1. What does the net charge come to around S25 if you take all other residues with beta carbon closer than 13 Å to its beta carbon, with K and R at +1 and D and E at -1?
2. Amide H neighbours of V36 under 5 Å, at least 5 residues apart or on other chains, H built in the peptide plane: list them.
3. E116 to M99: extension gain in nm, 0.36 nm per residue of separation minus the Cα-Cα distance?
4. Summing -39500 (n - 2.57) over the DSSP H runs of n ≥ 4 in the chain and dividing by its residue number, what mean residue ellipticity at 222 nm do you reach, to the nearest 500 deg cm²/dmol?
5. List the residues, sorted by chain then number, that are 5 or more residues from G129 or on another chain and whose placed amide H is less than 5 Å from its amide H.
6. Mind running the shape call on the range 32-138? Use the C-alpha gyration tensor, a ≥ b ≥ c as the square roots of the eigenvalues: rounded below 1.5 for a/c, prolate if a/b tops b/c, oblate otherwise.
7. Using a 7 Å offset from the Cα along the Cα-to-Cβ direction at both Q17 and V78, what is the distance between the two label points in nm, to one decimal?
8. List the lysines whose Cα sits under 30 Å from the Cα of K11, skipping any in the same chain fewer than 8 residues away.
Amino acid sequence: MIYHGNRFTLKPDVAQQDVEEALESLRNQGRVIPSVKSFVVGRDYGGEFEWGATFVIEDLEGYWEYLIHPAHRNTDRVGLPLVDKFVSFDITDDPDPEMGAKIAALHQRRFDSDPELTKLISDLDEYSGSAAPGEHGR
């Protein structure tokens, strides 16, 4: 299993209506993307971030489906312009020592095929995570 997580803090001037739209879009990802086995979206406690989301995905094939699904792309479109700081991470019980590189390669493939997404990510004040633009080349 792969537990894909996001932690983020929003810009201070974001309207509550926009916050709710972005959070609902994250929840919708969990409901409609077939490869998502379970998910949670909500407040992030115990760190420097305000919000978080975790999606449980069975394997790399499902991870790719998750990354390119239109529901995920909608969240990028409505949510990323609101974000100040963002981090993504993955936890897996898969024993493959190359799993981290394989996950990063999926993210990089997505960035390489979607210049608009890459710009949205690059415009964030702070972003780190799997194949973050700038970490593995733009």
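No lab work stands behind these numbers, since they all come straight from the coordinates. Every value quoted in this text rests on a predicted model; they were computed, and no experiment measured them. With ideal geometry, Cβ positions are generated from the backbone for all residues, glycine too; neighbour counts draw on all protein chains shown.
1. Details: positive: R27, R31, R73, R77; negative: D18, E20, E21, E24, D76.
Charge balance near S25 sits at -1.
2. none
3. Working: separation 17, 0.36 × 17 = 6.12 nm, distance 2.67 nm.
Value of the extension gain: 3.4 nm.
4. Details: 5 runs with 59 residues, N = 138.
One gets -13000 deg cm²/dmol as the mean residue ellipticity at 222 nm.
5. S88
6. rounded
7. 1.3
8. Straight-distance partners of K11: K85, K119.
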